[in-house]
Amino acid sequence: MKTILLGVSLMSALILSGCQTADTAAESSATSSNTSESQSSSTEESSTSEESSEAQSSIESMEEPADTQEAFRYHINPTTSVVEPIDEAVDPKVALLTFDDSPDQHAVEIAEQLKAINAPAIFFVNGMYIESDEGKAKLKQIYDMGFEIGNHTQTHPNLSTISPEKQREEILQTNQLIYEVTGEKPHFFRAPHGVTTETSDAVMAEEGMVSMNWTYGYDWEADYQTSESLSDIMLNTEYLNNGANLLMHDRSWTNEAVVSIAEGLIEKGFTLVDPNLIESPEREE
Ligand SMILES: [Zn+2]
């Protein structure tokens, strides 16, 4: 019940602006078919308070013991995209690192830096980046370092603007390309611009995948395109709360800021959550 109440209180504070490339930053904020609240901008005031849950949390090592890898300990709140503990015994003070629009120019280097400090993350891949041998090699490198690979569609369309058939193709083609490289189909999906549809929800159910948006991100905004400004806002935003689902991209300034962001989260007492611990439907690969 506590987690449900927390989710409700967070709903009004969530940032769901678009997963946008720099050249489309003027695009309007995202909407999602499974959320009815109006979307707020990153500068809007937040009413979120997590004092009660933070009082119970403690600083832990970011590394999960190997023998717990099999059991899910968190799930993605389908409305808020917050990473929530499955039961009260699980530490709620976690943050999830995610990198969209990968693997383009910087994802491998981002992954290498995170690997060096044992920080887990999800790289959400666009199929268009892994059609070439070079792109496939980048994805293989990231996967072989142990990172979770998610699906971010083939060509990054707003799914609500294309036919159901085309939406399916956008998701399934990328699943297939990822499978050809990694031998594993993605467990997680992130819709471009955060816009899910009835069709994408249906494909999630059919494919045994979990769709997630994010709780905050800044690296597509003009004010946060230096490593210093990005690191500062990612660590000091009022939206950094338990279960924060951090949206970042394959960008040069994000690449430069990623270690200070990850280490800063750990210094603040957050465990960087291992995506293997996040619930997804069981299925045969
Ligand atoms: Zn994107």
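Of all residues in region 174-222, which are part of a loop (DSSP other than H, G, I, E, B) and farther than 23 Å from Leu96 by Cβ?
Gly183, Thr197
Report, by residue number, each residue of region 176-187 that is touching a strand residue (DSSP E or B) at 6+ places or on another chain (Cβ under 9 Å) and surrounded by fewer than 22 Cβ atoms within 10 Å (Cβ to Cβ).
The answer is Val181, Thr182, Glu184, Lys185, His187.
Scan region 178-199 for residues that are within 14 Å of the ligand (Cβ to nearest atom) and either on the phi < 0 side of the Ramachandran plot or free of Cβ contacts under 8 Å to residues at least 24 places away in the same chain (or both) and jot them down.
Answer for region 178-199, where residues must be within 14 Å of the ligand (Cβ to nearest atom) and either on the phi < 0 side of the Ramachandran plot or free of Cβ contacts under 8 Å to residues at least 24 places away in the same chain (or both): Phe188, Phe189, Arg190, Ala191, Pro192, Val195, Thr196.
From Met204, Met212, which residue is in contact with a Gly (Cβ under 9 Å, 6 or more places away or on another chain) and either more than 16 Å from the ligand (Cβ to nearest atom) or at negative phi (or both)?
Selected residue: Met212, the only one of Met204, Met212 that is in contact with a Gly (Cβ under 9 Å, 6 or more places away or on another chain) and either more than 16 Å from the ligand (Cβ to nearest atom) or at negative phi (or both).
Just need a number here: residues in region 107-136 that are surrounded by fewer than 22 Cβ atoms within 10 Å (Cβ to Cβ) and on the phi < 0 side of the Ramachandran plot.
Number of matching residues: 14.
Taking strands (runs of 3 or more DSSP E) that fall entirely within region 82-173, which contain at least 1 residues that are touching a residue at least 40 places away in the same chain (Cβ under 8 Å) and within 15 Å of the ligand (Cβ to nearest atom)?
Working: elements: 83-85, 94-102, 122-125, 148-151.
Answer list for region 82-173: 94-102, 122-125, 148-151.
Read-outs: derived from the displayed coordinates by stated rules, not from any lab. Note that the structure is predicted; figures quoted are calculated from it, not measured. Don't worry about glycine lacking a Cβ; one is built from the backbone with ideal geometry, like all the others, and counts go over all protein chains shown.
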